[in-house]
Amino acid sequence: MGPDRLYVNADVITMEPDSMTTQAFLVTQGRFGYVGSEELVRSYAPPDVDVVDLGGKTVVPGFIETHNHLSYYALTLVMADCTPRVNSRIRDIQEKIREMAGAAGPGQWVLGWGYDDTQIEEMRHLHRRDLDQAAPDNPVLIYHASGHLSYASTMALKLGNVTRDTPQPEGGTIHKDEGGEPTGLLMEPAAQHLVADRLPRPDVSLFMALLPEAILHYNRVGVTSTHDAAIGIHGQGMGTVRAYRELEKEKRLNIRVYLTTLYQRYDQLIDLGLGLGFGSEFLKIGAVKMFQDGSIQALTAALSQDYFNRPGFCGELIMPQAAMDKLVEKYHKEDLQIAVHANGDAAIESVILAMEKAQAKHPQPDLRHMIIHCQTAGTDQLRRMKKLGIIPSFFPGHVYYWGDRHESLFLGPERAARIDPLGSAVQEGLRFTLHADTPVTPISPLFSMHCAVNRITRNGRLLGPSERISPYEALKAFTTDAAYCSYEEDLKGSIRRGKLADFVVLSDNPLTCEPQKIREIRVLRTVIGGAEVHAAEKQAVHS
């Protein structure tokens, strides 16, 4: 909790519906005090309070990121960087693996993150032979940029007991060559875990070392709260949660965390008598997490029509409908929030059906279930989501990072123009949030807002102009509506007396600047509970 302060000479966007002209606000005991005109707020401020002159800069509520993987992102900080940003050929990646193997020593695991087969010169998946050549004496596991594919070396496959005779796991695929031998490509968590579960479990000390650095990256772009969206994934165990708790005890948890936990792990929390909302203002138990498909760019999303570049193939659901129905009903009737990953419209349909059935059997007044990504939702599906109170969390970065390839490779022009249908959601009156799915893409709410408002692809093309939204709607998705989806609308998401003093100081006003310039706005300060956790430039403070 930071010191009591009076902030003046600001352009404050409170995100309150009845907000009038606001140039000042008081922060006391970690919460907003009086908010309004400078004359009014000064009249209520203690005479000896520190005064911060913001020089006319814009203030917004702290950004709330509703789907990313903060703890897993922390682990990627010590993995080989296999992203297209720094690699153009497979041999570039092999060199990084070779260097890490040399530093680690024989027999030690070598991990990498961010490979994208559609942005590498060879335009193909990694083969175990590629990894064997780079590190013949080490088990190697490389994660695809989507997170839904992994590439394992021969030694890693052996450690996971993955052979030509290994049966295909339900909800996943072990890719095999024409001779029946595994190529090293593992598709979806059910297959990925065969090898990932053999990794040394990251212990609390590793997370304690890496999380503060990862959190600082979030603070620098204005993130004050986040949903850590798949606790327990990739063999992490619950050491992540223990590390978060230790950081909170030490007052080093400079972000508020909503723990979205895989259903296989969530049952452990239930057995302890814990559940939704349990915790503190900095660390809370959140939703139950499930997956019903994968990634469009990995060809593992479940579509209702064929992939554009693979006629006769639509992808598959991870769970049969009956299994999804049963799982959703289990947690729905226990009054627990559910968040399901679904990119393809067939997967989205499966999730909506399961939630409709569960609500019909066990009516609940206000559960706020979430569909994560919801990338190819149709208008009828959006309407049914509105009726049921489902909150989609959209990933607008799809348009920039993969829009060109969705149009030419994966979906074709017509379907690509409708990915992340934000404009349609606004038209239907549907509440939604936005996210970056970090580490899939870099954390940056302002860049996500830019993508949602402009819908410009990496190649500079406008994709689906009717699905653009206003800057105000984009800001809502990172503030008031983001707070709503975690049942915290009375605690955060707007600048109002009594709410937590989480706010961001910006170099420009995203509601009035040129829409194309939203991505250029700089975060000057990030404040959580009145405590400054990031400052790009200091403003004058005087008494």
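The values are calculated or read from the model by the stated rules, or taken from the named source; none is laboratory data. Since the structure is predicted, the reported quantities are computational estimates derived from the model, not experimental observations. All Cβ positions, glycine included, derive from the backbone under ideal geometry; neighbour counts span all protein chains shown.
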### Pairs where the first residue, in the range 51-68, is closer than 13 Å to P510 by Cα and the second is part of a loop (DSSP other than H, G, I, E, B) and of a type in the set (D, E), C-beta under 8 Å, 6+ apart
T58/D508; P61/D502
#### Entry: Filter pass, A339 being of a type in the set (A, V, I, L, M, F, W, C), under 22 Å from the mean Cα position of the chain (by Cα) and closer than 23 Å to P189 by Cβ
yes
### Query
What residue, of A156, A134, is touching a Lys or Arg at 6+ places or on another chain (Cβ under 7 Å), crowded, with 21+ Cβ neighbours inside 10 Å and small (G, A, S)?
A134
### Task
Working only within the range 24-41, note down all residues that are farther than 26 Å from K251 by Cβ and crowded, with 16+ Cβ neighbours inside 10 Å.
A24, Y34, V35, G36, E38, V41
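Let's see how each residue does on (1) in a helix (DSSP H, G or I); (2) surrounded by fewer than 24 Cβ atoms within 10 Å (Cβ to Cβ); (3) not aliphatic (A, V, I, L, M):
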{"position": "D325", "(1), (2), (3)": "yes, yes, yes"}
{"position": "D335", "(1), (2), (3)": "no, yes, yes"}
{"position": "A339", "(1), (2), (3)": "no, no, no"}
{"position": "L353", "(1), (2), (3)": "yes, yes, no"}
### Query
Any chance the range 228-244 includes a residue that's free of Cβ contacts under 8 Å to residues at least 24 places away in the same chain and either closer than 28 Å to E532 by Cβ or surrounded by fewer than 17 Cβ atoms within 10 Å (Cβ to Cβ) (or both)?
yes
### Cross-chain or 6+ apart pairs with Cβ under 6 Å, the range 1-23 first and closer than 23 Å to N254 by Cβ and touching a residue at least 60 places away in the same chain (Cβ under 8 Å), then surrounded by 20 or more Cβ atoms within 10 Å (Cβ to Cβ) and of a type in the set (D, E, K, R)
none
### Task
Pull up the range 150-173, narrow it to residues that are touching a Leu at 6+ places or on another chain (Cβ under 6 Å) and either not in a loop (DSSP other than H, G, I, E, B) or not assigned by TED's automatic domain parsing to the domain that holds A101 (or both), then point me to the one that is farthest from A342 (Cα to Cα).
A156
### Query
Out of S408, S424, which single residue is assigned to a helix (DSSP H, G or I), under 21 Å from G344 (Cα atoms) and in contact with a Phe, Trp or Tyr (Cβ under 9 Å, 6 or more places away or on another chain)?
S408
### Query
Is it fair to say P136 is in contact with a helix residue (DSSP H, G or I) (Cβ under 7 Å, 6 or more places away or on another chain), modelled with pLDDT of 95 or more and either closer than 30 Å to G397 by Cβ or not polar (S, T, N, Q) (or both)?
no
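Out of all the residues in the range 113-131, which are more than 18 Å from L194 (Cβ to Cβ) and either touching a Leu at 6+ places or on another chain (Cβ under 8 Å) or buried (at least 18 other Cβ atoms within 10 Å of the Cβ) (or both)?
Once the filter is applied, which keeps residues that are more than 18 Å from L194 (Cβ to Cβ) and either touching a Leu at 6+ places or on another chain (Cβ under 8 Å) or buried (at least 18 other Cβ atoms within 10 Å of the Cβ) (or both), the range 113-131 yields W113, G114, Y115, D116, D117, T118, Q119, I120, D130.
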## Note on the structure
Checking R525, R519 in turn, the sole residue that is in a strand (DSSP E or B) and in the same structural domain as G56 (by TED's automatic domain parsing) turns out to be R525
### Message
Here is a check on your reading of the model: is L186 in contact with a strand residue (DSSP E or B) (Cβ under 6 Å, 6 or more places away or on another chain), farther than 20 Å from A436 by Cα and either of a type outside the set (A, V, I, L, M, F, W, C) or surrounded by 18 or more Cβ atoms within 10 Å (Cβ to Cβ) (or both)?
### Response
yes
### Task
Would you be able to say whether some residue in the range 41-52 is on the phi > 0 side of the Ramachandran plot and not assigned by TED's automatic domain parsing to the domain that holds M449?
no
#### Entry: Inter-residue pairs, beta-carbon under 9 Å, first closer than 9 Å to L6 by Cα and in the range 37-50, second modelled with pLDDT of 90 or more and among the small types (G, A, S), 6+ apart
V41/A24; V41/G33; R42/A24; A45/A24; A45/G33
